[in-house]
Amino acid sequence: YYNDRIRETKYWEQKLSGELEDAIKENQLKVYLQTQCDNSGHVKGAEALIRWVHPTEGMIPPNRFIPMFEQNGLISKIDLFVWEESAKLLRKWRDEGKKDYYISVNISPADFYFLDICKEFVNIVTKYEIEPSKLKLEITETVIMKDVDSRLAIVENLRSFGFTVEMDDFGSGYSSLNMLKDISVDVLKLDMGFLYKTKDEKKSRKIIAMIVQLSKALDMPVICEGVETESQLD
């Protein structure tokens, strides 16, 4: 049944969709960095996150526009913006002598439909003269689940050019372990759900330990999302 909430949601979607182009041109979209550290706290790199600083709505959190744009395909415009801004920053760091840092960026499922992903990334790193390995690419297993062969080929092409490919949200899908044998990725990113409070913390620790051991056996570094407390770090 049609109700006010549906109307408000559709109005919000149409409003933001219509304003996206201007938002990009007017620098309303801001790339924030979430640091990635080793176990001693040293910063190794960061993940690029997007925020929309709207002139009338203020800071719009990503959960209010990212899922919507993923559905209507406009997410590709945002992703292109994030990739470009991240490359600019990597070049700036390189010029300042900070060439060891990297930035991870997300590839959305819609990007495979609307963009020539390999061409876009090769053009970006060539334009800013940065090492492909410093612009790390995050995909989720759900990205690969559709049209497996062609998307695996794209991932392989990216890796052969020198990009590091990370599997994001590992452990949240229904076939993560099975997909590992088919998907050639370089890094596993543990879903933050593994660190949520649970009734059986011992079991949770054992599962995390098993995944870390598995990643080592596969010669793949592992990153854990959502580490905020000392006990989670342990």
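Remark: C-alpha extents of the stretch 14-152 on the principal axes read 43, 42, 32 Å, sorted largest to smallest. Taking 7 Å steps out from each Cα toward its Cβ at Lys44 and Lys99 produces label points 2.0 nm apart. Taking the DSSP bridge list for the chain and keeping only pairs wholly inside it, about 40 percent are antiparallel. Within the listed set Glu166, Glu21, Glu85, the residue fluctuating most in the Gaussian network model of the chain (springs between alpha-carbon atoms under 10 angstrom) is Glu21.
In the context of the full set of protein chains, residues of the stretch 105-234 present 58 Å² of accessible surface per residue (probe radius 1.4 Å, heavy atoms only).
In the stretch 109-145, whose amide N lies under 15 Å from the spot 7 Å out along Cα-to-Cβ of Ser160? List them in ranges. Only 118-119, 122 fall inside the zone, counting backbone N under 15 Å. Available extension along the chain between Ser133 and Asn63 is 22.3 nm, counting 0.36 nm per residue and deducting the alpha carbon span. Under a no-solvent Debye model with one identical scatterer per Cα of the chain, what's log10 I(q)/I(0) at q = 0.10 Å⁻¹? Those come out to -0.53, one per q.
In this structure Phe161 has an accessible area near 100 Å², from a 1.4 Å probe over the protein heavy atoms.
Note on the stretch 66-125: Rg/Rh from C-alpha atoms, Kirkwood Rh, equals 1.05.
A Cβ-based charge dipole, computed about the Cα centre of the chain with Lys and Arg at +1 and Asp and Glu at -1, lands at about 300 debye. Taking the 1.4 Å solvent-accessible surface of the stretch 1-147 as the whole, the part contributed by carbon and sulfur is 50%. Farthest towards the positive end of the charge dipole of the stretch 1-89, among the residues Ser76, Ala23, Gln34, is the Cα of Gln34, using unit charges on the Cβ of Lys, Arg, Asp and Glu. Surface analysis of the stretch 57-96 yields an accessible area of 50 Å² per residue, using protein heavy atoms and a 1.4 Å probe.
The tail of the calculated P(r) for the stretch 1-85 beyond 16 Å holds 58 percent of all Cα-Cα pairs. Distance between the modelled labels on Asp200 and Ala153, one decimal in nanometres: 4.4 nm (7 Å Cα→Cβ projection). Reducing the stretch 55-116 and the stretch 160-211 to their Cα centroids gives an inter-centroid distance of 22 Å. In loop segments of the stretch 1-88 as defined by DSSP, the chymotrypsin sites (Phe, Trp or Tyr not before Pro) with at most 13 further C-beta atoms inside 10 Å of their C-beta are Tyr1, Tyr2. Hey, for a label at Lys146 modelled as a point 7 Å past Cα toward Cβ, could you say which residues of the stretch 91-130 have their backbone N under 12 Å away? Answer for the stretch 91-130: 108-114.
The values are calculated or read from the model by the stated rules, or taken from the named source; none is laboratory data. For clarity, every value in this text was computed on a predicted model and none was experimentally measured. Reconstructed Cβ throughout: ideal geometry from the backbone, glycine too, with neighbour counts over all protein chains shown. Side chains are part of the model used for accessible areas, which takes the heavy atoms of the whole protein and leaves out ligands, DNA and RNA. Shrake-Rupley method; radii C 1.70, N 1.55, O 1.52, S 1.80 Å.
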